[in-house]
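Colleague: Handing you this structure, nothing more for now.
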Amino acid sequence: MSSRVLLAIVVAVAVAGTAAAFTFGAGAQAQDNNKTVTSHNLGSYQTTGDVLDPEHYDTRVNAGEIDPMKYLREFNYGRVSTLPDGTTLREFTIVADDRQTLEVSPGVFYNAWTFNGTIPGPTIRATEGDLVRINFINNGTHAHTMHFHGAHKAEMDGVFEKVGPGGRFTYEFYAEPYGLHLYHCHIQPLEEHISHGLYGVYIVDPKEPRPDADEMVMVMNGYDTDFDTENNFYTVNGIPFYYMHHPIPIEKDRLVRVYLVNILEFDQINNFHLHGNLYDLYRTGTSTEPDEFTDMVTMSQGERAILEFWYKYEGQFMFHAHKTEFAEKGWVGSFMVK
């Protein structure tokens, strides 16, 4: 065998083995597993990996189950009543399930574990001093709980009070301190319960309201679809590339307030970079004075911050993880300023 033929075989094997790492050019096509991927730039090759083509795929999937645009500005204030002592009671019903299959990207179906049927779960919102009552129902096949960040009694911590399949538990605590918090299942193995989707945002507003703003929630998460403890997709609010195909409309010169939470499993850090602008950063939202003025924040799992900014120029501005792998696997979007 000639050296040229041998070299050609080696190159062909190398290309086939690393095909999923290429970025496709115009005309890229993909089929199902063990598919042939054709690109005007690369020719044809075989791959068994997930094919991501953010330029040419439209990721409008699961509008009824994972709807990132609806989730963005949807806040659940609960059923509100007033107790005899004047305290505001906010009552919520949260149902956990681990039997759903959701299409998290075109053609990619995932066994989602959900609170109230969605990833992330509903954004629970109260005002400092309110009494929060969570009627928790476990409709799943595993034990589940709800652990809330914030201040509460030990028996309301959602760690030792395992709720088995078909079980119920009532969490009750006062909303404190004000700030941006989160909730998630706290059953071992914890990484399994979180990576499958059992998490959501918990906002406690200060008694003196923050200035009026266009408010939105962004939860940074990911999906390990082949169960090797490495994420295949990264998202904000549940669907990769969603806000790239559906830019978030905002108004020029209007204050925008983003409640940003990192719940990413399997990776040590995550981050948020804003293009063409900087923002006031309030870590954990527990102060009304900003910690810094920046365009970049890095967080470990469970960290969160409030971001405030406004745009003085019209146009489309990107936001994304300034970790290139995360952005190229779905954690990227844009604002459309009008």
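Colleague: According to the Kirkwood expression over distinct Cα-Cα pairs, how big is the hydrodynamic radius of region 129-183, in Å?
Modeller: In region 129-183 this quantity evaluates to 11.8 Å.
Colleague: Per residue, what volume in Å³ does the Cα convex hull of region 257-320 take up?
Modeller: Per residue, the Cα convex hull of region 257-320 comes to 82 Å³.
Colleague: Only residues of region 250-264 count here: report those whose backbone N is under 14 Å from the spot 7 Å along Cα→Cβ of Glu208, or say none.
Modeller: Within reach of a label on Glu208, which here means backbone N under 14 Å from a point 7 Å along Cα→Cβ, region 250-264 contributes nothing.
Colleague: How big is region 204-271 on each of its three principal axes, counting only the C-alpha atoms and giving the largest first in Å?
Modeller: The Cα atoms of region 204-271 stretch 46, 30, 15 Å along the principal axes, largest first.
Colleague: Would you mind checking which residues have amide H under 5 Å from Leu264's amide H? H placed 1.01 Å from N; only 5 or more apart, or other chain.
Modeller: For Leu264, the qualifying residues are Gly302.
Colleague: Let me ask something additional. Give me the distance in nm between label points sitting 7 Å out from Cα along the Cα-to-Cβ direction at Ser81 and Phe227, one decimal.
Modeller: 4.4 nm
Colleague: Largest first and in whole Å, what are the equivalent-ellipsoid semi-axes of region 96-170 based on the Cα gyration tensor, each being the root of 5 times an eigenvalue?
Modeller: Largest first, region 96-170 gives 26, 16, 9 Å.
Colleague: Further, regarding this structure: Would you mind getting the accessible area per residue of region 187-241, heavy atoms of the protein chains only, 1.4 Å probe, in Å²?
Modeller: Accessible area per residue: 33 Å².
Colleague: Placing unit charges on C-beta atoms (Lys and Arg positive, Asp and Glu negative, everything else neutral), compute the dipole magnitude of region 147-303 about its Cα centre in debye, rounded to 20.
Modeller: It works out to roughly 380 debye.
Colleague: When you take every Cα atom in region 173-292, what is the radius of gyration, and what is Dmax, the widest Cα pair distance, in Å?
Modeller: Rg and Dmax of region 173-292, Cα atoms, are 16.0, 47 Å.
Colleague: May I ask you to evaluate 6.51 cos²θ - 1.76 cosθ + 1.60, the Karplus curve with θ = phi - 60°, for each residue of region 228-233 and list the ³J(HN,Hα) values in order in whole Hz, giving x for glycine and proline?
Modeller: 10, 6, 10, 6, 8, 9
Colleague: Going 7 Å from the Cα of Met296 along its beta-carbon direction, which residues of region 324-338 have the amide nitrogen within less than 13 Å of the resulting point?
Modeller: 324
Colleague: Between Met318 and His149, with labels modelled 7 Å along Cα→Cβ, what's the label distance in nm to one decimal, could you check?
Modeller: 2.8 nm
Colleague: Now for a different question. Where does region 294-335 land on Rg/Rh, using Cα atoms and the Kirkwood Rh?
Modeller: With Rg and the Kirkwood Rh in hand, the quotient comes to 0.99.
Colleague: Listed here are the pairs Lys70/Lys153; Lys70/Lys329; Lys252/Lys323; Lys162/Lys329; which of them are more than 30 Å apart at the Cα?
Modeller: Where the Cα-Cα span goes over 30 Å, the pairs concerned are Lys70/Lys153; Lys162/Lys329.
Colleague: Using amide H atoms built 1.01 Å from N in the peptide plane, name the residues 5+ places from Ile187, or on other chains, whose amide H lies under 5 Å from its own.
Modeller: Excluding prolines and chain starts, which carry no amide H, the hits are Thr145.
Colleague: Still on this structure, please answer the following. How charged is the neighbourhood of Glu91? Take every other residue with its Cβ under 11 Å from the Cβ of Glu91, and add Lys/Arg as +1 and Asp/Glu as -1.
Modeller: After counting each charged neighbour, the total is +1.
Colleague: Taking the highest mean first, how do the peptides 239-252, 264-277 order by number of other beta carbon atoms within 10 angstrom per residue?
Modeller: Highest-to-lowest ranking by the protection proxy: 239-252, 264-277.
Colleague: Would you work out the Kirkwood radius for region 59-194? I mean one over the mean of 1/r across all pairs of different Cα atoms, in Å.
Modeller: 15.9 Å
The values are calculated or read from the model by the stated rules, or taken from the named source; none is laboratory data. These figures come from a predicted structure and were not determined experimentally. Every residue, glycine as well, gets a Cβ built from its backbone with ideal geometry; the counts of neighbours run over all protein chains shown. Heads up: the accessible areas ignore ligands, DNA and RNA and are worked out on the full protein's heavy atoms, side chains in. Shrake-Rupley method; radii C 1.70, N 1.55, O 1.52, S 1.80 Å.
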